[in-house]
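Participant: Just passing along the structure, written as structure tokens.
The values are calculated or read from the model by the stated rules, or taken from the named source; none is laboratory data. Remember, predicted model here, so these are calculated numbers, not experimental data. Counting neighbours? That spans all protein chains shown, and the Cβs are built from the backbone with ideal geometry, glycine included. Just the protein is used for accessible areas: all its heavy atoms, side chains included, with ligands, DNA and RNA removed. Shrake-Rupley method; radii C 1.70, N 1.55, O 1.52, S 1.80 Å.
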Amino acid sequence: MKILQLYQRRWTLIYLPLLLAVCAAVAAILWIWKPLPPTRLVIGTGPGQSSYLELARSYAARLEHLGIQVDIVPHARPQDALERLAPGPGRIDVTFAQGLYAGSGRPAQALAVVGHEIVWVFARDGIDSVAQLRGARIAASVEGSSNRIAADILLQHAGVPASEVRFSPEVGDSAIDALSEGRVDAVIHVATGDSQTAATLVRQDGVHLLGVERAGALAAVEPRLRALVMPQGSIELRANLPATDLPTLVTQTHLMVRPDLHPALQRALLDVAGELHVMSGFLEGQGMYPTTMGSNFPVSPVARKALRGGRPWMETILPYRTAQWAELLIYALLPVLLLGTLLLLRAPRYIDWRVEAAIMHFYGELKFLEEDLARIGADEPSLLRAIARRLDQLEQQVDRMDLPDRYADRWYTLREHLLEADKRVRAAMPD
């Protein structure tokens, strides 16, 4: 393309492509490399009467102080929320899951272990161990629930085939009624220490809490469970509940996220977990949770790094939303904008370079001709005529050059040098 056309169309051919490249780089940063965290989060929970629903509300209240809107979506079964962390319609971002659901291959990661839940075993009077549940009717929720999973593990440990018991789907208040009315012989319920179901059953006449024999041996072969001793009177000291130290089992409660959740949101959730779960709960040591140690699910890399102190320094000195914008601006947008501005300011130099290259090309040709002229004598007219023809060609090419007016002085200087060389050749040629 001729230099004059390039100069006349410089906005279309130089400036506009640079501006589009800067805009494309900014778009790639915002959408692919370093997108801002979403302002809305979906937390899935179990049924409306589950303790996880109240826990989700506590998370929502704190997250909203950070500018994150939270939608809480209850599910008919607790495991349904865990399954909806997988890609698909109605996908959720966060949920809570017991360690008993681990090992199912669900595409989810744990941010932290935030507590544990007790495997409560209640039976009517006359049944003193899990081994005596052979032929009994047991309320343990539905197939696939944590209650049923725990029941299967306990019965297998006690040597009771699952085929020799009758399971009933009652849970919560319906399980309480079923046990009090004699429709079931036992209730296996996985819940926290402040479970209303457990609090009701432990005080009910004709019902008592069972310990798990050889709980340590079971926990040694079943990583989803841990053995603990429930001290005498730990539920209620005045009523001496339980009446003796009881060996029991717990399963850990995990804060679960989908693997591709924005890292900043994961760190915000970890901060909230640190606020909510640092106080000890029933049979929990002070400062035991949150932690990533002993998680039954794969732990998020973001959580591992954050809990070791590895987080963006701006999040340590600025509010959550301000830190995200500051990090985006300093590490991504500002360098791109500075580079784009520098290129736009240097773009005119490209035209200068093209003009300089064209002019220096002719000066180079002229230098070669002058060197040839210095070696040729007057007795070689054919060579002098060849040089004269080449000078004529150069003059014609220079005449056809289309340069912007700002370079007119360079063009006239070049022509003068060519004319001066032509005079010398003419003078050296014999008449």
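Participant: From the set of residues in region 216-248 that are part of a loop (DSSP other than H, G, I, E, B) and of a type in the set (Gly, Ala, Ser), which is least open to solvent (accessible area, probe 1.4 Å)? It would help to see each step written out before you state the result.
Facilitator: Let us first name the residues in region 216-248 that are part of a loop (DSSP other than H, G, I, E, B), namely 222-225, 231-235, 237-240, 242-245.
Those still in the list that are of a type in the set (Gly, Ala, Ser) too: 233-234, 239, 243.
Values: GLY233: 8, SER234: 42, ALA239: 52, ALA243: 62 Å².
Within region 216-248, the match that is least open to solvent (accessible area, probe 1.4 Å) is GLY233.
Participant: In region 277-295, how many residues are among the polar types (S, T, N, Q) and open to solvent by 40 Å² or more (accessible area, probe 1.4 Å)?
Facilitator: Count: 2.
Participant: Still on this model: Give the number of residues within region 134-148 that are part of a strand (DSSP E or B) and in contact with a Leu (Cβ under 8 Å, 6 or more places away or on another chain).
Facilitator: So the count comes out to 1.
Participant: Which of the residues that make up region 55-82 are crowded, with 20+ Cβ neighbours inside 10 Å and not in a loop (DSSP other than H, G, I, E, B)?
Facilitator: Correct list: LEU55, ALA56, TYR59, LEU63, PRO78, GLN79, ALA81, LEU82.
Participant: Would you mind stating whether THR251 is at pLDDT 90 or above, in a loop (DSSP other than H, G, I, E, B) and on the phi < 0 side of the Ramachandran plot?
Facilitator: Working: at pLDDT 90 or above: yes; in a loop (DSSP other than H, G, I, E, B): no; on the phi < 0 side of the Ramachandran plot: yes.
When the stated conditions are applied, THR251 does not pass them.
Participant: With the checklist (1) out of contact with any His (no Cβ under 9 Å at 6 or more places or on another chain); (2) surrounded by 15 or more Cβ atoms within 10 Å (Cβ to Cβ) in hand, flag the one item PHE362 doesn't pass.
Facilitator: Going through the list (1) out of contact with any His (no Cβ under 9 Å at 6 or more places or on another chain); (2) surrounded by 15 or more Cβ atoms within 10 Å (Cβ to Cβ), PHE362 breaks only (1).
Participant: Restricted to region 364-406, and to residues that are within 60 Å of the chain's Cα centre (by Cα) and at pLDDT below 80, which residue is nearest to HIS417 (Cα to Cα)?
Facilitator: Among those that are within 60 Å of the chain's Cα centre (by Cα) and at pLDDT below 80, it is MET401.
Participant: Give me a count of the residues in region 178-209 that are among the hydrophobic types (A, V, I, L, M, F, W, C), over 17 Å from ARG148 (Cα atoms) and touching a residue at least 40 places away in the same chain (Cβ under 8 Å).
Facilitator: Residues meeting the conditions: 4.
Participant: Restricting attention to region 122-148, report how many residues are open to solvent by 40 Å² or more (accessible area, probe 1.4 Å) and either closer than 23 Å to PHE96 by Cβ or touching a Pro at 6+ places or on another chain (Cβ under 7 Å) (or both).
Facilitator: Keep residues of region 122-148 that are open to solvent by 40 Å² or more (accessible area, probe 1.4 Å), which gives 124-126, 128, 131-132, 134-135, 137, 142-143.
Right, trim to either closer than 23 Å to PHE96 by Cβ or touching a Pro at 6+ places or on another chain (Cβ under 7 Å) (or both) and you get 142-143.
Of the residues in region 122-148, 2 are open to solvent by 40 Å² or more (accessible area, probe 1.4 Å) and either closer than 23 Å to PHE96 by Cβ or touching a Pro at 6+ places or on another chain (Cβ under 7 Å) (or both).
Participant: Evaluate region 264-273: report whether one residue or more is modelled with pLDDT of 90 or more, among the charged types (D, E, K, R), open to solvent by 50 Å² or more (accessible area, probe 1.4 Å) and under 30 Å from ALA102 (Cα atoms).
Facilitator: Checking region 264-273: at least one residue is modelled with pLDDT of 90 or more, among the charged types (D, E, K, R), open to solvent by 50 Å² or more (accessible area, probe 1.4 Å) and under 30 Å from ALA102 (Cα atoms).
Participant: Moving on. Which ones in region 149-173 are in a helix (DSSP H, G or I) and open to solvent by less than 10 Å² (accessible area, probe 1.4 Å)? First the steps, then the outcome.
Facilitator: In the first step, residues of region 149-173 are kept if they are in a helix (DSSP H, G or I); the result is 149-157, 162-164, 173.
ALA150, ALA151, LEU154, LEU155 - these are the residues of region 149-173 that are in a helix (DSSP H, G or I) and open to solvent by less than 10 Å² (accessible area, probe 1.4 Å).
Participant: Between ARG346, ARG424, which is closer than 30 Å to TRP33 by Cα and modelled with pLDDT under 80?
Facilitator: Details: ARG424 fails: closer than 30 Å to TRP33 by Cα.
Answer to the check: ARG346.
Participant: When only residues in region 98-121 that are over 22 Å from PHE167 (Cβ atoms) and part of a strand (DSSP E or B) count, which is most open to solvent (accessible area, probe 1.4 Å)?
Facilitator: Top of the filtered list is GLN109.
Participant: The conditions are (1) open to solvent by 70 Å² or more (accessible area, probe 1.4 Å); (2) within 30 Å of ALA24 (Cβ to Cβ); (3) among the hydroxyl-bearing types (Ser, Thr, Tyr), and TYR412 fails exactly one of them. Which is it?
Facilitator: For TYR412, the failing item is (2).
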